[in-house]
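Structure record follows, encoded as C-alpha cells.
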Amino acid sequence: MARRALAVAALWSSLVLSACQEPVAPLPAPPTPAPPVAAAAKSSATTAAAGHTTLIKGRVRADLPEARFTVYAAGAPGDTSVLQVRAIEIRYGDAVAPAQRIDGLATDTPWSVSAPGLALLDMNFDGYQDLRLIESRPAGPNLPYLNWLYDPDHQRFVESPALNAITAPRFDASKRELHSDWRDSAARYGTDVYTFRAGQLVPLRRETTSYTGTGVYTVQVSHWIDGAWQIVQTRPGSNP
C-alpha cells in the first residue's frame, strides 16, 4: 500500500464549520478534496510580511465553548492553492491565550475558501470532534492526513500515528467503520476497513483488485486474523 500503515477510524459528524479572519500575531521568521460531507466550510485569511494566518471556528461538542483554530503558514497560497502549514493554535471561547499549540508541522496543504484543508470530525465515534489536516497533495489517489483525536479528560488534541498511516479515509458512522482507499500501482488498488476497539484502531477486512491483462482482473477478500491478513475469497472479474 502507499507509504502509510494500518490505522483509522470513523465518521463525519454533522458539524458546521465557519471560517473567518481576525488579527493574529504572525509566526516569525495542495486534486483539491471536497469539504466534509456533513459540514459547510468557508475560509478567509490574511497575509502578513512574516507569513499567512487563517482562522477556523467550530465546536468540539455542542455543549462546549466554541473552538478557534488559528493556522499559521509559511506563506500565502499561490496559484496552486497550497498552504505550507507550520503550526496550529487552539483557543476556546473568548480566551486570548492559546489552550494548545501544535508545532513542528511542515505540510503542503490543499486549501481554498470553500474547502479548507483543516477539518473537524468525529473520527473515533466517541461524540467529540477530532482534528485532521491534509498533509500534502500526492500525485496519485493516496491522500495523506495528519490527525489529532480529542482527549476530553485533558481537553487536548492528541496526535494519532495509527490514523496518520491511513490514506484517503471515508467514515461510516452507522457501522462505526473507517474505509481507507489506496492504490499501489497502475494495476492494483483496494480498500481496507478498520474500526476502533477499546480506543485502538483495529483492521477488519481488505478487498484488493489486481489487473492481470486488459479488462481482466482478480478480486481478493482478506480478513485480519491473528495479526495478519488472510485471504478468505478469490474471484475473477472482467470489464465489458
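Bear in mind that the values in this text are calculations on the coordinates, not laboratory data. Treat the numbers as computed from the prediction; the structure is a model and nothing was measured. Positions of Cβ are backbone-derived with ideal geometry, glycine not excepted, and every protein chain shown enters the neighbour counts.
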(request) Return yes or no: is residue 106 of a type in the set (Gly, Ala, Ser), more than 19 Å from residue 171 (Cβ to Cβ), surrounded by fewer than 18 Cβ atoms within 10 Å (Cβ to Cβ) and out of contact with any strand residue (DSSP E or B) (no Cβ under 9 Å at 6 or more places or on another chain)? (result) no
(request) Output the strands (runs of 3 or more DSSP E) that fall wholly within the stretch 147-228 and possess 3 or more residues being out of contact with any Lys or Arg (no Cβ under 6 Å at 6 or more places or on another chain) and surrounded by fewer than 17 Cβ atoms within 10 Å (Cβ to Cβ), or say none. (result) 156-159, 177-185, 188-197, 200-213, 216-225
(message) What pairs come out if I take residues in the stretch 181-194 that are under 12 Å from residue 138 (Cβ atoms) and pair them with residues that are surrounded by fewer than 16 Cβ atoms within 10 Å (Cβ to Cβ) whose C-beta lies under 7 Å away, six or more apart or interchain?
(response) 183/140; 183/141
(request) Evaluate the following for residue 132: is it closer than 26 Å to residue 103 by Cβ, among the basic types (Lys, Arg) and either in contact with a Gly (Cβ under 6 Å, 6 or more places away or on another chain) or surrounded by 19 or more Cβ atoms within 10 Å (Cβ to Cβ) (or both)? (result) yes
